[in-house]
C-alpha cells in the first residue's frame, strides 16, 4: 500500500484507453503487461549498442495478456515481431505501437489486434528488473541446457549464462539474461518465440518466491524496489486484489500466440498470425 504511491504514474492518456474492470477477487480482468527495453544510464545493461535510456522511443520487447481474477489465471504472450495494424500508422511489428506512441498507442494496437478490452496495464522497466529479483532473494527456474550470450557475452560487457538441465536459483542478472535469450547453441530450438515462454516461467517463479516463508523478511526491500520496476494504472487496493487473485488462480502454464516466420522487404524478419490463430488464442485466454 505504501510503496504503490511511489511508482511512476501511468500517463493520463493511457488510463483513458482502458476499460473499467470489476473486482479481481470476484471477476476476471484482462491485464496487459509490457516489458520495455529501456536501459539504465550506468551499470548492467547500460552499454548495450542501440539501447534506449528513456521510455520515449523504447520498444515493448515483452507483450503479455493476463486474464486474472475470480479464480482464473491465464496468460498469452504475443511475439514482438508479429505484424499488426498500428492505428493511424498502418502495418508494422506490433511492438512498434509503444515505440511510436508509448502506452496509449500500444493499448489501442493490442485491443485492435485481439478484439479484447484491456482493463489494466503494467509496464515493466527491464533495466530495473535485476534489483527487484535480488530483493526477493532470487528465484528458482527449471531450464534445459543453456549456453547463451547476450550483447556479446561477458567478455564484451554483456552477459553469459551457462546452465545444465535442472532447477537453478537465479539472481537478478541471471533471470534477466534468461528472459532475453534468443539464441542458445546448446538448444537450437531456443528463439525469440521460446523467449516469451521463458518470461512466463520467470513470472511464475516470482510468484512462488513472493509466497515463500523465506521472502517474508525481505518484503521491505522488495517493496522499495517494486515501484522502480513498474508503472500501472492500479493503486494500492487494486494491486492487492491483483496479488490475491493471482494466488487464487495459481501459476498458469506458459502460452503464446501461434505465428509463422516470414520476411517483409519493408519490415525485415516478421511473425505472421492468421485471424483464426488470434481468435483461438483469445478464446483460450478468456475461457480456458
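Every read-out reported here was derived from the displayed coordinates using simple, explicitly stated rules and does not represent laboratory data. Just so you know, these numbers come straight off a predicted model, no measurement behind them. Methodologically, a virtual Cβ is constructed for each residue, glycine included, from the backbone with ideal geometry; neighbour enumeration extends over all protein chains shown.
Some notes on this structure:
- Estimated distance in nm for a label pair at residue 89 and residue 211, the labels positioned 7 Å out from Cα along Cα-to-Cβ: 3.8 nm
- Two-site FRET efficiency, residue 156 against residue 189, from Cβ-Cβ distance with R₀ of 25 Å, rounded to 0.05: 0.50
- Separation between Cα centres of region 60-109 and region 113-188, rounded to whole Å: 20 Å
- Overall, the anisotropy analysis places region 125-188 in the oblate class: the square-rooted eigenvalues a ≥ b ≥ c of its C-alpha gyration tensor yield a/c not less than 1.5, with a/b not exceeding b/c.
- Between residue 140 and residue 263, the modelled labels are 4.5 nm apart [label points 7 Å from Cα along Cα→Cβ].
- Relative contact order computed over region 3-287 (Cα-Cα under 8 Å; 6+ residues apart), in percent: 25 percent
- Rounded to 0.05, the FRET efficiency of the residue 286 and residue 237 pair, given R0 = 41 Å and the Cβ-Cβ distance, is 0.95.
- Using C-alpha pairs under 8 Å with a sequence gap of at least 6, the mean separation divided by the residue count of region 241-288 gives a relative contact order of 28 percent.
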